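No value in this document is a laboratory result; all are computed from the given coordinates. Just so it is clear, the model here is predicted, and its values are computed rather than measured. Positions of Cβ are backbone-derived with ideal geometry, glycine not excepted, and every protein chain shown enters the neighbour counts.
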Amino acid sequence: MPIPTELVGSLPRPEKLQNAYEDLDQGKITFEELQNLQDEAAKDSIERLEQTGETYLTDGEQRESSFATYPITDTLAGTGLADNLAGDGQFFAIFDDGHHRQLPRLTGGPFRYKTFASEFVQKNKEIATKPVKQAVISPSMMMLLYPLEEEIEGYPREQFLDDVCDEVEKDIRQCFDAGAERVSIDFTEGRLANKNDSRNPWTGKDMLQEFIDLNNRVIDRFSPEERRNMGIHTCPGGDNDSVHSKEVPYEKLLTKMFQLNVGYFLIQCASEEDKETVYKLVGENSRDDANGVPQVCFIGVINPLSPDVETAEEVRDRLVAAAKHIPVERLGATDDCGFSPFSRDLKPAHGSPDFARDVAMQKIANRVEGARMASEELGV
């Protein structure tokens, strides 16, 4: 079988749409007017992805406040925040360029999603002529909504975690029920959990194993057949063309991440200086039997943070090199990260989000072609 290829999820949102999110926060437009622009950008994303030859289609998260907050708020500034949440939560991440992203704070129970990703799947299925995938947020990211040290009166942490697991399971199941053929879980907090940044207290709590165990509480509710089409995405962040944890030794994550019992992984690698070591770690630690499913390793061959477009030949060569360490029947190709995981991302290294959108499509087309070329060279 040829080497499979799959995108992570997000695409740069047009500047017009980004401005509309801010206009909603300022009361200049209605939510319905924002939705019209989201639908317009989603349709354009799907149609352009089809032209690249991409295997699975998505709207590029045009309808989401961010990859992490879509279930609980309509905008990053907190317009349309879900019940029992306040806007002043802890930082999720502090990026290398100095900017940060903040989560809401849980104020009480029960914890419930206000928006499920299946809503996006349903809309995208009406447009797409090829299979649809959907990225969802992890229970370990939602875990960070709860105060780090104190307990919320009347809503103990364990009850909250039970509710989180139920909501994430529901999110995934409803995506499949709505027609998604693949569902990947964003797990960028995995590498960040090893950073120990004094400015960001949760990173010093050695939470990686706790994250993995919590995620498996959800993943293990699914059958092997279902988990074959469930993935985990890892990266060191990607926002405003900056990262949050790339300096963290990758082996701290890669030696543990494959404990997660999913059928595939989307693994950042193109932006790593030492790609060979990543290939080796992935080959050594991924499993050919994870409770009934082989773990397919989609290696990042595209760097979404750079405006330089990788050639199909570069993609081919990276996959051929990876195949020396990863069994070719468990090798795939992906991008390092979503191209714009947050709804307000001006893509400074690119000059504008509209240009970055064009660049993203060129990169994706070359990934698809490079995977075909690598398949041919490897005889699969």
Computed E for Asp23/Glu151 - FRET, C-beta separation, R0 30 angstrom, nearest 0.05: 0.20
Cβ charges +1 (Lys, Arg) and -1 (Asp, Glu), total dipole of the chain, debye: 480
Most positive-pole-ward Cα, His100, Gly80, Gln209, against dipole of the chain from beta carbon charges: Gln209
Principal axis dimensions, largest first and in whole angstrom, of region 54-145 by Cα: 42, 35, 23
Computed label-point distance, nm, for sites Glu50 and Glu251 using a 7 Å Cα→Cβ extension: 4.7
Euclidean distance between Cα centres, region 1-54 to region 71-95, Å: 20
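For region 1-104, what is the charge dipole size about the Cα centre, in debye to the nearest 20, if Lys and Arg each add +1 at the Cβ and Asp and Glu each add -1 at the Cβ?
It comes to approximately 120 debye.
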Residues in region 104-128 reached by a label modelled at Arg217 [backbone nitrogen below 14 Å; 7 Å Cα→Cβ]: 111
Calculated from backbone phi, Karplus (6.51, -1.76, 1.60) coupling profile of region 230-244 in Hz, x at Gly/Pro: 10, x, 10, 10, 10, 7, x, x, x, 7, 6, 6, 10, 10, 10
Ordering of 283-292, 241-250 by packing [mean C-beta count within 10 Å, highest first]: 241-250, 283-292
Contour minus Cα-Cα distance for Asp39 and Gln362 (0.36 nm per residue): 114.0 nm
Positive-end residue, the chain charge dipole about Cα centroid, Cβ charges, pick of Pro348, Tyr146, Leu192: Leu192
Cross-link reach list, lysines versus Lys125, counting only Cα pairs under 23 Å and skipping chain neighbours closer than eight places: Lys43, Lys114, Lys133, Lys170
Peptide ranges 318-329, 219-230 listed from the most packed, as the mean C-beta count within 10 angstrom indicates: 318-329, 219-230
C-alpha center-to-center spacing [region 157-231, region 245-279] in angstrom: 17
For the chain, cysteines whose Cβ has no other cysteine Cβ within reach (under 4.7 Å): Cys165, Cys175, Cys269, Cys297
Enclosed volume per residue, in Å³, of the convex hull spanned by Cα atoms of region 153-228: 120
Percentage, to the nearest whole number, of Cα pairs in region 180-291 over 22 Å apart: 33
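Need one number: % antiparallel among DSSP beta bridges in the chain, to the nearest 5. Intermediate results must be reported in sequence, preceding the final value.
Working: 8 of 32 bridges.
Roughly 25 percent of the DSSP beta bridges within the chain come out antiparallel.
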Magnitude of the charge dipole, region 337-380, Cβ model with Lys/Arg +1 and Asp/Glu -1, debye to 20: 200
Chain lengthening between Val309 and Glu126 when straightened (0.36 nm per residue, less Cα-Cα): 62.8 nm
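Using the per-residue mean of other Cβ atoms lying within 10 Å as a proxy for protection, in what order, highest first, do the peptides 1-8, 141-148 fall?
Going by the mean number of other Cβ atoms within 10 Å, highest first, we get 1-8, 141-148.
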Share of alpha-carbon pairs per 5 Å distance bin for region 217-260, given as whole %: 5, 16, 21, 18, 15, 14, 9, 2
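Roughly speaking, what is the stretch gain from Glu273 to Glu377, that is 0.36 nm per residue apart minus the C-alpha to C-alpha distance, in nm to one decimal? Before the final figure, lay out the partial values.
Working: separation 104, 0.36 × 104 = 37.44 nm, distance 2.46 nm.
So the extension gain works out to 35.0 nm.
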Cα Rg, Dmax (largest Cα-Cα span) when computed across the chain, Å: 19.3, 61
